[in-house]
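Below is one structure, written out as structure tokens, with a few remarks after it.
The values are calculated or read from the model by the stated rules, or taken from the named source; none is laboratory data. Please read these numbers as outputs of a predicted model, since none were measured by experiment. Cβ atoms come from the backbone with ideal geometry, glycine included; neighbour counts cover every protein chain shown. Protein only, heavy atoms only, side chains kept; ligands, DNA and RNA dropped before computing areas. Shrake-Rupley method; radii C 1.70, N 1.55, O 1.52, S 1.80 Å.
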Amino acid sequence: MIFRETRLKGAYEIDLELYEDDRGSFGRSYCSREFEAHGINPRVVQCNISYNRKRGTLRGMHYQEAPHQEAKLIRCVRGAVYDVIVDLRPESPTFREWVAVELRAGPGSPSHMVYVPEGFAHGFQTLEDDTEVFYQMSEFYAPHAASGFRWNDPAFTVEWPETVRAMSDRDRSYPDFLVTLPKAAS
């Protein structure tokens, strides 16, 4: 695998190192040793699939509160997505900054993944109909710790490429991020 750290420390774009012959290609998509060598949490306890019928579907922005923060390894296995991650770590020099990566599946497309560390929010918008996204998670889903902020929160000004055509009521009604910050102890 080929690891490229984004400008957000600890977040990586990962490409498969493909070996090709007349049958097609083969590549490793996960190796705990390689993840550990890059300082990446190798733990995987849950895998999820998101199927999206319409181009322009937006899911996000999601994260889990401590102590249930989760790392995610994300890959598009059908269609294409504009994948967005936001650094929510207050001690980080890139706090409240975001990065977007296009993930695309299919012949001739790069085998591309995004590693999202703990303390980040994640969301995506589909660029094609019938898009499917595969996630590997470092923590179990904890409904009481699930949180998010609005996709168009002015604190981040994420530039989405498409008109939003489908979104859950929950995602549409998330508050702005500043409202969701934990209160300081007095």
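Numerical summary
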quantity: Scope region 23-37; condition modelled with pLDDT under 95 and within 18 Å of the chain's Cα centre (by Cα); matching residues; calculated: Ser29, Tyr30
quantity: Checking Leu58 against (1) farther than 17 Å from Ala121 by Cα; (2) surrounded by 15 or more Cβ atoms within 10 Å (Cβ to Cβ); (3) among the aliphatic types (A, V, I, L, M); (4) within 16 Å of the chain's Cα centre (by Cα), the condition it does not meet; calculated: (1)
quantity: Pairs with Cβ under 8 Å, 6+ apart, first in region 92-105 and without any contact (Cβ under 8 Å) to a residue 24 or more places away in the chain and over 26 Å from Leu16 (Cα atoms), second in a strand (DSSP E or B) and open to solvent by less than 70 Å² (accessible area, probe 1.4 Å); calculated: Phe95/Asp87
quantity: Members of region 137-167 that are open to solvent by 60 Å² or more (accessible area, probe 1.4 Å) and hydroxyl-bearing (Ser, Thr, Tyr); calculated: Tyr141, Thr157, Thr163
quantity: Residue that is farthest from Glu132 (Cα to Cα), among those in region 95-111 that are modelled with pLDDT of 95 or more and among the aliphatic types (A, V, I, L, M); calculated: Val99
quantity: Matching residues in region 6-45 - criterion: being surrounded by 14 or more Cβ atoms within 10 Å (Cβ to Cβ) and assigned to a strand (DSSP E or B); calculated: Tyr12, Glu13, Ile14, Asp15
quantity: So Gln69, is it part of a strand (DSSP E or B), at pLDDT 95 or above and not hydrophobic (A, V, I, L, M, F, W, C); calculated: no
quantity: Every residue from region 120-136 that is under 27 Å from His68 (Cα atoms) and surrounded by fewer than 19 Cβ atoms within 10 Å (Cβ to Cβ); calculated: Glu132, Phe134, Tyr135
quantity: Residues of region 144-172 satisfying the condition of being in contact with a helix residue (DSSP H, G or I) (Cβ under 8 Å, 6 or more places away or on another chain) and outside any loop (DSSP other than H, G, I, E, B); calculated: Ser147, Gly148
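A quick yes/no check of all residues on (1) farther than 15 Å from Gly10 by Cβ; (2) over 11 Å from the mean Cα position of the chain (by Cα):
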| position | (1), (2) |
| --- | --- |
| Gly79 | yes, yes |
| Gly106 | yes, yes |
| Val116 | no, no |
| Phe124 | yes, no |
| Thr131 | yes, yes |
